[in-house]
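**Q** Mind looking over this structure? Questions follow.
What follows draws every value from the coordinates through simple rules; no lab data is involved. Just so you know, these numbers come straight off a predicted model, no measurement behind them. We place every Cβ from the backbone using ideal geometry, glycine too, and count neighbours over all the protein chains shown.
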Amino acid sequence: MTVKLFHRNETTHALRAWIPAFAGMTTRETDMLRFMLLCMLAMVTATHAAEPRRDSYVENARDIAVQQPGPHEGEGTTTAYPFFEQADGFDIVFRQRALHPGATIGEHRNDKDEIYYVLSGRGELLLDGKRRDVGPGDAILTRDGSTHALAQRGDADLVIIVVYRKRAPR
C-alpha cells in the first residue's frame, strides 16, 4: 500500500472538497481530523501486520526492515529483517541482519542450535572463547550450549543470515 502525504493546505482543501461537512471546518479542526485519520490508518496497518498467516507468500526486505540495537546487549545499530515472522505454525526463524559500522552481537550462551551465514562485509567472531575473522561465504554453526559474539569490522556493513528453530511454547 502506498500513502501519498500531501502538504497541509492540499490536504485541507481536499478534505473540504471531498466531504461537504468539512467545508465549514477551521484549519485547526481539519488538522485534528487529519491526525486522527493517520492514527487510525497506523492502527489498522499495525493490526494487519501482526495477523498470523497460514498461506505461502513472498516478503521483501524493504517492507520488514527494523532498526535495532546490537542484539544480546551488543553495541551500535543494526537493521533486522525478520522474514516470515507472521507465518503461523512455521517453526523456523529466518532473519537477515545488517550490523552497521561499529555494531556487535553481544556474547551470549545459546539455548538452541543456530546458524549465521555471512553474505557481505567483514567481522570478528568469538566462538567458545576463540576469535577468528569471518567474511562472505562463511557459515557458522553454534550449538546449544556454545557461547558466541560477532563484531562488524571495516567500513562496510556486515550482513548475515540467521537461522534457527523456534522453541516449542511451554
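**Q** I'd like the full set of residues that are within 13 Å of Gln96 (Cα to Cα), among the hydrophobic types (A, V, I, L, M, F, W, C) and in a loop (DSSP other than H, G, I, E, B), limited to the stretch 54-71.
**A** Correct list: Ala65 only.
**Q** Asp133 fails exactly one of the following numbered conditions: (1) surrounded by 13 or more Cβ atoms within 10 Å (Cβ to Cβ); (2) more than 21 Å from the chain's Cα centre (by Cα). What is the number of that condition?
**A** Condition (1) is where Asp133 drops out.
**Q** So for the stretch 112-124 (the condition being farther than 19 Å from Ile140 by Cβ and of a type in the set (Ser, Thr, Tyr)), does at least one residue qualify?
**A** For the stretch 112-124, residues farther than 19 Å from Ile140 by Cβ and of a type in the set (Ser, Thr, Tyr): absent.
**Q** What do you reckon, is Ala149 small (Gly, Ala, Ser), farther than 16 Å from Gln96 by Cβ and touching a strand residue (DSSP E or B) at 6+ places or on another chain (Cβ under 9 Å)?
**A** Considered against the rule, which asks whether it is small (Gly, Ala, Ser), farther than 16 Å from Gln96 by Cβ and touching a strand residue (DSSP E or B) at 6+ places or on another chain (Cβ under 9 Å), Ala149 comes out as yes.
**Q** Hey, another quick one. Out of the residues in the stretch 144-155 that are without any contact (Cβ under 8 Å) to a residue 40 or more places away in the chain and not in a strand (DSSP E or B), which is surrounded by the most Cβ atoms within 10 Å (Cβ to Cβ)?
**A** Looking at the filtered set, the residue picked out is Ser146.
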